[in-house]
Structure formats: structure tokens, C-alpha cells
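Asks: Just passing along the structure, written as C-alpha cells.
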Amino acid sequence: MNNPPSPTYLDYLKRLATQPQSSASDYAQYLEETDTRYLLSEGLSTDIFILDYRSKQYPYLSPNTTRIMGHPKEDFQEGGLEFMLYHRQDFAVFNEVIFPEEVRFIDQHRTENLAFFRFSKNYRFRNQQGEYRTILQRNTVINATEQATPIAIFGSATDITDFAEPGKVVHQIERYDPANQQWELMLSKVYYPDIAPESLLSKREIEILKWAVEGYSSKQIASKLFLSVHTVNTHRRNMLGKTNCQNSLELLRYAIKCKLL
């Protein structure tokens, strides 16, 4: 039996809106810690927040909100999730791809402590001057239903515009290992919202892919194209990374779907 598709972000919010809303007391433990966390975030130029999906409100926003997000904190407090100034294409990726992916992941790990998982993604957000800044958001689930459905998240937002690759969205999920006190990478995918799927691969990459489909090895392809084997292998790895394919078979399916071959 096929599992039902994971909901998009907007569908998820509509579903939760029918449930009882949370109160500030539900986050007392985290609110008590915010003073210490804020002192740390002040030095790192990071915004700290708590977001309740059911009420679509922020029970807590640090004073850094204005500096990082480019709008008065009051705008977020009054508008809640309705105050959305995300880049349209970035939000489409989050709504239709990233959020459903996180829902599926949580469903698969519902028996574990969700607080040990960290979800990260970057997106472009428009400031008061009309400029898009790239924000890195990281969060953990701090409130969930008995079925492990996320109700609220505790997270941070950092302006990484000067370091981010324009038009590239990175999505990662990590698990914290208390024994080793380290974060273990569970999922990592990249998306290019500004580029159509059929235009994502370069002419050289498509050329190498066509030879690979014909059964040629990297060494044979390198000989035909007067390239080093290392260069051919690098192109093949880059193709997998760009398309979020796990292997050559998935890449072939991607190429056929996008009519690249």
C-alpha cells in the first residue's frame, strides 16, 4: 500500500489551524533560556525565535530580529506567518519539496527524541529596502503531537548573504549524538530555484552523461573528450549533487524526464 503524500507547508498550516492553539506557558522552559541564548546570538549576529505552527505566531523573537531580517520585530509579532516576504521561487521549493521532505523524515523517526534533530535551510528574504538577503535558518522541534506531528520549533536565523552562492538553496537534516557531542549529517540536498530542471546541467555535463549512458567508462570518456579522468569524475559527481540523485540510474531517469538525452 502506498503511503499518502506528505503535505506542503501551506496545507500543513491549514490542517493545524483547526486544532487548539498553544499558550506561552507551553514554551516556559525555552523562554527561561532565551536571555542566555540572546547574549550568545548578539555576539554572533543571529536571531533567535520560537514559532508556533498552530497559532501561526512567534511566542518569542530576540531583539536581533530587526537587524537580521531587515524589518521591525513588531511586523513579525503582528503578522505572524502571514508576514512572508520570501523570494517566490525559494518559497516554492520550501513549500513543495523541503517541508514535505522534513515531514517524511520526522514520520520515519517518530520514536526518537525530535529535539536531537536539527533542520537547516537557506532562503532569500526581502528587507525594507526591497533587497533580498540570504538567511540561514536552523531549528529543532520543541513541541509535537503524540503522532510526532510538529507543532512548534525553536530556531535561529543568520544573514549569510556574503557567503552564500546566489540562487542555491541547501537543505540539511542532522542528528545530535550525545555520546560524542557531535552532529551527524542525515540528509543533504541542494536546489537551484532560478534554473529550470532541463537547464541545470551544463553542455559538458550532458555530453559526459550521454557517453556514460552508452556504457563508456570515465577513462574512455576522458579519452574521447581530451579530458583527465579526474575531470570526468568531478563532472559526474557534480551532476549527482545538482540533481539530488543517489546514483547513475536516478540521474538517467532525471535526464529522460527533462528530455536531456
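The values are calculated or read from the model by the stated rules, or taken from the named source; none is laboratory data. It should be emphasised that the depicted structure is a prediction, and the values quoted were computed from it without experimental measurement. FYI the Cβ positions are ideal-geometry reconstructions off the backbone, even for glycines, and counts take in every protein chain you see. Heads up: the accessible areas ignore ligands, DNA and RNA and are worked out on the full protein's heavy atoms, side chains in. Shrake-Rupley method; radii C 1.70, N 1.55, O 1.52, S 1.80 Å.
Asks: I need the full set of residues from the range 12-23 which are open to solvent by 80 Å² or more (accessible area, probe 1.4 Å) and either at pLDDT 75 or above or not in a loop (DSSP other than H, G, I, E, B) (or both), in order please.
Replies: In the first step, residues of the range 12-23 are kept if they are open to solvent by 80 Å² or more (accessible area, probe 1.4 Å); the result is 14-15, 18, 20-21.
Once the filter is applied, which keeps residues that are open to solvent by 80 Å² or more (accessible area, probe 1.4 Å) and either at pLDDT 75 or above or not in a loop (DSSP other than H, G, I, E, B) (or both), the range 12-23 yields LYS14, ARG15, THR18.
Asks: Which of the residues belonging to the range 69-92 are in contact with a Phe, Trp or Tyr (Cβ under 9 Å, 6 or more places away or on another chain) and within 15 Å of THR134 (Cα to Cα)?
Replies: Answer for the range 69-92, where residues must be in contact with a Phe, Trp or Tyr (Cβ under 9 Å, 6 or more places away or on another chain) and within 15 Å of THR134 (Cα to Cα): MET69, GLY70, HIS71, MET84, LEU85, TYR86, HIS87, ASP90, PHE91.
Asks: Just one of (1) modelled with pLDDT of 90 or more; (2) part of a helix (DSSP H, G or I); (3) open to solvent by less than 70 Å² (accessible area, probe 1.4 Å) trips up HIS71, so point out which.
Replies: Result: HIS71 passes all but (2).
Asks: Can I ask one more? ARG124 is checked against (1) surrounded by 15 or more Cβ atoms within 10 Å (Cβ to Cβ); (2) charged (D, E, K, R); (3) closer than 22 Å to ARG15 by Cα and fails just one. What number does that condition carry?
Replies: Only one criterion is unmet by ARG124, namely (3).
Asks: Out of the range 178-204, which residues are touching a helix residue (DSSP H, G or I) at 6+ places or on another chain (Cβ under 9 Å) and open to solvent by less than 50 Å² (accessible area, probe 1.4 Å)?
Replies: LEU187, LYS189, VAL190, TYR191, TYR192, PRO193, LEU200, LEU201, SER202
Here is a yes/no grid of residues against (1) under 18 Å from ASN238 (Cβ atoms); (2) in contact (Cβ under 8 Å) with a residue 60 or more places away in the chain; (3) not in a strand (DSSP E or B):
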site	(1), (2), (3)
THR140	no, no, no
GLU146	no, no, yes
ILE153	no, yes, no
SER156	no, yes, no
GLU165	yes, no, yes
GLU198	yes, yes, yes
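Asks: Then there's this: Applying the selection to the range 225-258, what residues are surrounded by fewer than 13 Cβ atoms within 10 Å (Cβ to Cβ) and more than 24 Å from VAL169 (Cβ to Cβ)?
Replies: Within the range 225-258, PHE226, SER228, HIS230, LEU249, ILE256 qualify.
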